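Colleague: Let me begin by handing over the structure; questions about it come next.
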Amino acid sequence: MSGLKKSYGGRVVLDGCTYRFESGRVYAVMGPNGSGKSTFLRLCALIEKPDSGKADFLDEGIVLEHDLALRRRITLLLPSVGVFNTTVCENIAYGLKLRKVNKAETEQRVLNALELVGLKDKMRRRAVTLSSGETQRMGLARALAISPSVLFLDEPTAAVDSKNSKAVEEIIQNIRHTLKATIILSTHDAGLAERAADTILTLRDGKATAL
Ligand SMILES: Nc1ncnc2c1ncn2[C@@H]1O[C@H](COP(=O)(O)OP(=O)(O)OP(=O)(O)O)[C@@H](O)[C@H]1O
Ligand SMILES: [Mg+2]
């Protein structure tokens, strides 16, 4: 992305962020509360428009149009995962339904995702009965079932204990190897950032700097 700027009510949050993410790599975005990490992820994931600057996605050197096809290759997982009052399976299948993926393939992808996040034994449970850690893993499964090219994770270990945090970290490594997706996560956990990411970006005074 280049020159991303964003202000809310006159307060500058991003003040010209420029960085080029390489495909297939893992990045961690760090910075204090309110430094603009979530804003940065929303702009990069095309959920929100910048005041100026661009978040471009390139495929073999060609800038892709910001159309539905591109948006469907990008997923942003928020720290509080939205849960539908249905089974774990149906929650995970949600993105596939939207994309009109057929039943057999949906089943396969949901099963693979469940396996990857270790929730296979809870697939028929009502999703609202899962613990926070399990819900977070279900969110990851929902995101990876759609095999995104770029996966944004906003504080994936924010509300989970150290055991689930370790599980989330392993899932991230797994996603990296199986999907070969580019992963951009925000976190306050320096250990997670160092272990999981190839590159750490820090946000300070509205600017992103790679360490
Ligand atoms: N839609 C919005 N309207 C008004 N202000 C906003 C909006 N989104 C973000 N902000 C403000 O922008 C600043 C940066 O917020 P952001 O959520 O991006 O920070 P963050 O680095 O993710 O913080 P945290 O570590 O607490 O998650 C904050 O002051 C926040 O209140
Ligand atoms: Mg945030």
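The values are calculated or read from the model by the stated rules, or taken from the named source; none is laboratory data. Remember, it's a predicted structure, so these values are computed and weren't measured experimentally. Heads up, the Cβs are rebuilt from the backbone with ideal geometry, glycines too, and the neighbour counts pull from every protein chain shown. What goes into the accessible areas is simple: the full protein's heavy atoms, side chains included, and nothing from ligands, DNA or RNA. Shrake-Rupley method; radii C 1.70, N 1.55, O 1.52, S 1.80 Å.
Colleague: Do you know which residues across segment 137-158 are within 16 Å of ligand 1 (Cβ to nearest atom) and either part of a helix (DSSP H, G or I) or open to solvent by less than 40 Å² (accessible area, probe 1.4 Å) (or both)?
Modeller: Correct list: Phe152, Leu153, Asp154, Pro156, Thr157.
Colleague: I'd like the residue in segment 74-105 that is of a type in the set (Ser, Thr, Tyr) and more than 19 Å from the chain's Cα centre (by Cα) and, out of all such residues, is surrounded by the fewest Cβ atoms within 10 Å (Cβ to Cβ).
Modeller: Taking the candidates together, the pick is Thr86.
Colleague: When you scan segment 55-71, do you find a residue that is touching a Lys or Arg at 6+ places or on another chain (Cβ under 6 Å) and not in a helix (DSSP H, G or I), even just one?
Modeller: no
Colleague: Just to be sure before I move on: is Gly3 farther than 17 Å from Ile184 by Cβ and either within 12 Å of ligand 1 (Cβ to nearest atom) or surrounded by fewer than 16 Cβ atoms within 10 Å (Cβ to Cβ) (or both) in the structure I sent?
Modeller: Yes.
Colleague: For Tyr94, only one of the following conditions fails: (1) in contact with a helix residue (DSSP H, G or I) (Cβ under 8 Å, 6 or more places away or on another chain); (2) in a helix (DSSP H, G or I); (3) free of Cβ contacts under 8 Å to residues at least 40 places away in the same chain. What is its number?
Modeller: Among (1) in contact with a helix residue (DSSP H, G or I) (Cβ under 8 Å, 6 or more places away or on another chain); (2) in a helix (DSSP H, G or I); (3) free of Cβ contacts under 8 Å to residues at least 40 places away in the same chain, the lone unmet condition for Tyr94 is (3).
Colleague: When you check Ala193 against the structure, is it within 16 Å of ligand 2 (Cβ to nearest atom) and over 15 Å from the mean Cα position of the chain (by Cα), yes or no?
Modeller: Against the criterion (within 16 Å of ligand 2 (Cβ to nearest atom) and over 15 Å from the mean Cα position of the chain (by Cα)), Ala193 does not qualify.
Colleague: I'm checking my understanding of the structure. Among residues of segment 23-56 that are basic (Lys, Arg) and in contact (Cβ under 8 Å) with a residue 60 or more places away in the chain, which one is nearest to ligand 2 (Cβ to nearest atom)?
Modeller: The residue in question is Lys37.
Colleague: Is it true that Leu76 is within 16 Å of ligand 2 (Cβ to nearest atom), within 25 Å of Glu169 (Cβ to Cβ), part of a strand (DSSP E or B) and of a type outside the set (Phe, Trp, Tyr)?
Modeller: Yes.
Colleague: Here's something else I'd like to know. List pairs: first residue in segment 125-151 and on the phi > 0 side of the Ramachandran plot, second residue of a type outside the set (Lys, Arg) and buried (at least 22 other Cβ atoms within 10 Å of the Cβ) anywhere in the structure, Cβ distance under 8 angstrom, at least six positions apart or on different chains.
Modeller: Ser147/Ala181
Colleague: Only one of Ser131, Ser147 is more than 15 Å from the chain's Cα centre (by Cα), of a type in the set (S, T, N, Q) and over 15 Å from Ala196 (Cβ atoms); which?
Modeller: Checking each option against the conditions leaves just Ser131.
Colleague: Keeping to segment 159-191, report how many residues are open to solvent by less than 30 Å² (accessible area, probe 1.4 Å), within 21 Å of Leu41 (Cα to Cα) and either part of a helix (DSSP H, G or I) or within 16 Å of ligand 1 (Cβ to nearest atom) (or both).
Modeller: Residues in segment 159-191 being open to solvent by less than 30 Å² (accessible area, probe 1.4 Å), within 21 Å of Leu41 (Cα to Cα) and either part of a helix (DSSP H, G or I) or within 16 Å of ligand 1 (Cβ to nearest atom) (or both): 12 in total.
Colleague: How many of the residues in segment 121-136 are surrounded by 15 or more Cβ atoms within 10 Å (Cβ to Cβ) and either of a type in the set (S, T, N, Q) or part of a helix (DSSP H, G or I) (or both)?
Modeller: The total comes to 6.
Colleague: Considering only residues that are more than 12 Å from ligand 1 (Cβ to nearest atom), within 18 Å of the chain's Cα centre (by Cα) and open to solvent by 10 Å² or more (accessible area, probe 1.4 Å), which ones fall in segment 13-44?
Modeller: Residues satisfying the conditions are Tyr19, Arg20, Phe21, Glu22, Ser23, Gly24, Arg25.
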